[in-house]
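Data block below; observations after.
Every number here is computed from the coordinates shown, using simple stated rules; none is lab data. Remember, predicted model here, so these are calculated numbers, not experimental data. Backbone-built Cβ (ideal geometry, glycine too); neighbour counts: all protein chains shown.
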Amino acid sequence: MQFLILGMLMLAPMSLYDVHKQFAAGASLFYSASFGSIQRALARLSADGLVSVREEPGSVRGRKVHTATPSGVAAWREWMRTPGEGANPERVMLAKVYLLGLMPAGTQRDEVLDMLRASAAAARAELEAVERVLDAQPVPEGYREIFAYQRATLDYGLRAHRLACEWLDELT
């Protein structure tokens, strides 16, 4: 979430409430975030020097505005070029595509898309290998119904990864 927020802050300086509105306006389609989680992420970004914070002059409530620092922009660009491994690679891929317009057009943007395509293709290949192994195994009579639903989850993963690969190809 930190890098998604950092990308949003590269568009314009924002308060906690502004960032939350940005999530609601688009990023919430693939990433949900509460005020508390956004607040913690902003605090971490600030502590790491990736975001600067200033109180808005004349604000009665002490509105704090966050701005991406040059080191924050550099860290964000590095994150964009790093494969989306981890707990939810699909969400990372979607976050990177969501923010891809912030990367300079041409080579740098193409490199990110190539990396995302390679990651999606590798994940698809892993599932296809599982499919080959499963399909080569006989299923005992008493387990066919159970196996059918377990196999359906693999089918979902295969379809999702095929779609991701096709979708990323269309972004060129």
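Of Ala136, Ala120, Ala95, the residue with the greatest mean-square motion in the GNM of the chain, using alpha carbon springs below 10 Å, is Ala136.
Once the mean of 1/r is taken over each pair of separate Cα atoms and inverted, the chain shows a Kirkwood hydrodynamic radius of 18.4 Å.
Taking amide H as placed 1.01 Å from N in the peptide plane, the amide H of Val51 sits under 5 Å from that of Ser46, Thr69, each at least 5 places away or on another chain. Taking other residues whose beta carbon is less than 15 angstrom from the beta carbon of Arg61, and scoring Lys, Arg as +1 and Asp, Glu as -1, yields 0.
Axis of helix 89-99 versus longest Cα principal axis of the chain: the two differ by about 40°, to the nearest ten degrees.
Across the range 18-28, rounded Karplus estimates of 3J(HN,Hα) from the backbone phi angles (6.51 cos²θ - 1.76 cosθ + 1.60, θ = phi - 60°) give 5, 4, 4, 5, 5, 4, 5, 7, x, 5, 5 Hz, Gly and Pro being marked x. Looking at the P(r) of the range 85-172, how many percent of alpha-carbon pairs lie beyond 16 Å? Of all Cα-Cα pairs in the range 85-172, 60 percent lie more than 16 Å apart.
Each Cα pair under 8 Å and six or more residues apart adds its sequence gap; the mean of these over the residue count of the chain is a relative contact order of 20 percent.
Between Asp155 and Lys64, the simple label model (points 7 Å from Cα in the Cβ direction) yields a spacing of 5.1 nm. In plain terms, if you count all Cα to Cα distances in the range 1-80 and split them into 5 Å steps from zero, the share in each step is 3, 17, 28, 26, 18, 6, 2, 0 percent.
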